[in-house]
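The values are calculated or read from the model by the stated rules, or taken from the named source; none is laboratory data. Just so you know, these numbers come straight off a predicted model, no measurement behind them. Cβ placement follows ideal geometry from the backbone for every residue including glycine, while neighbour counts extend to all protein chains displayed.
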Amino acid sequence: MNVHVTFASRSSRAGMALCAVAFVALIAAPAWGGRDDLQLLSEMYCYVALASLWNLLAGYAGLVSVGQQAYVGLGAYILFAFAILAGMPPLAAIALAGIISAAVAVPVSGLVFRLRGHYFAIGTWIVAEVFRLTASQVSVLGGGSGTSLPAALIIAIAPSRQLRDFIEYWVALALVGAVLLLIVLLLRSRYGLALKAIRDSELAATCNGIDVRRTKILVYIVTAGAAAMIGAFIFLQRLRISPDAAFSVNDWTAFVIFITVIGGIGRIEGPIVGTIVFFALRQTLADLGTFYLLMLGAVAIAVMLAAPKGIWGLVVEKLGWQIFPLERRVIADGSTVAGNAAKT
């Protein structure tokens, strides 16, 4: 009897095929979308990436952070610093922002990982505030009022505004694609199995030989570097930076948590679904002022009551659909003889 292990299922094959078609269509968006459409899609990509990274932290590693804005802002400031002070091309500075921020996350993790539970969450927020206050003291980058990218650096991206919009759109699409691919590969590796074991029971994971602290620190560093690259790109698009905008807990953490929770925490598809719902609400209700924020809260409460596992969690529970193949299946003679070794 031939036995082998596979990740694929009928729903995941169909899901990946649809993703491939959608990705091709999105690559061609400059041919069918206007400037406003490209900017909206780019913003959505950034939120999908940030929410996916927070989902990796909280949904898989059990690290509930309310300080993700620390690395969004740090990455943005690194890009502005190297672009303005060293004359580095802004697009090249995006990768550098990720590397430096990941390096900064190493000593920071040594501090915040001394805390547990809600103390860890508060600690991450304090780190973000320290970063914000430090940025406000950097006079060469405008201090508390911030600064803008010089026109020469903007023109260096592309000579025409239209071409610059196209390049920035494709960079945003590449970044979200890279983040999702990184998460899928990580969760399908032995580290992914370790994360799922830690999520289910840290004590049981430790008893099975998993280095819980080391695994969590690795995830923290990876998400810090990736979030910094997203932050660098966001403020490259905005062309201006200030401490309050770069380290905004509302924009880069509160909305991200909302997206992940309503979409489905602990599911890769969750942040994608949550982002679509969030932007649909924003585009529909944004003109209503503070009522818009009240509606977001009402939607979050309604979803948590009706579907505690999020919208996509409810879909999986009712229909068993899966887009990203993460579940291991043992196949013998063309049929499944064992269930999932690692159920997401």
On the given criteria, is Leu187 within 28 Å of Leu115 (Cα to Cα), within 17 Å of the chain's Cα centre (by Cα) and surrounded by 19 or more Cβ atoms within 10 Å (Cβ to Cβ)? yes
Residues in region 159-169: is at least one more than 30 Å from Phe80 (Cα to Cα), touching a residue at least 40 places away in the same chain (Cβ under 8 Å), under 18 Å from the mean Cα position of the chain (by Cα) and part of a helix (DSSP H, G or I)? no
Checklist (1) touching a residue at least 12 places away in the same chain (Cβ under 8 Å); (2) surrounded by fewer than 16 Cβ atoms within 10 Å (Cβ to Cβ) applied to Leu203, failing item: (1)
Taking only region 256-270 into account, find how many residues are within 14 Å of Val303 (Cβ to Cβ) and at pLDDT 90 or above. 10
Just one of the numbered conditions (1) in contact with a helix residue (DSSP H, G or I) (Cβ under 9 Å, 6 or more places away or on another chain); (2) assigned to a helix (DSSP H, G or I); (3) farther than 21 Å from Arg240 by Cβ is not true of Gly67; which one? (2)
Restricting attention to region 118-153, and to residues there that are touching a strand residue (DSSP E or B) at 6+ places or on another chain (Cβ under 9 Å) and in a helix (DSSP H, G or I), which single residue is nearest to Trp54 (Cα to Cα)? Ala135
Within region 14-42, the residues that are part of a helix (DSSP H, G or I), without any contact (Cβ under 8 Å) to a residue 12 or more places away in the chain and not hydrophobic (A, V, I, L, M, F, W, C) are Asp36, Asp37
List, please: which pairs have Cβ atoms under 6 Å, are six or more places apart or on different chains, and start with a residue in region 218-231 that is without any contact (Cβ under 8 Å) to a residue 60 or more places away in the chain and end with one that is surrounded by fewer than 24 Cβ atoms within 10 Å (Cβ to Cβ)? none
Return the residues of region 206-257 that are of a type in the set (Asp, Glu) and either outside any helix (DSSP H, G or I) or buried (at least 24 other Cβ atoms within 10 Å of the Cβ) (or both); say none if nothing qualifies. Asp211
Among the residues of region 272-316, count how many are surrounded by fewer than 13 Cβ atoms within 10 Å (Cβ to Cβ), out of contact with any helix residue (DSSP H, G or I) (no Cβ under 6 Å at 6 or more places or on another chain) and in a helix (DSSP H, G or I). 14
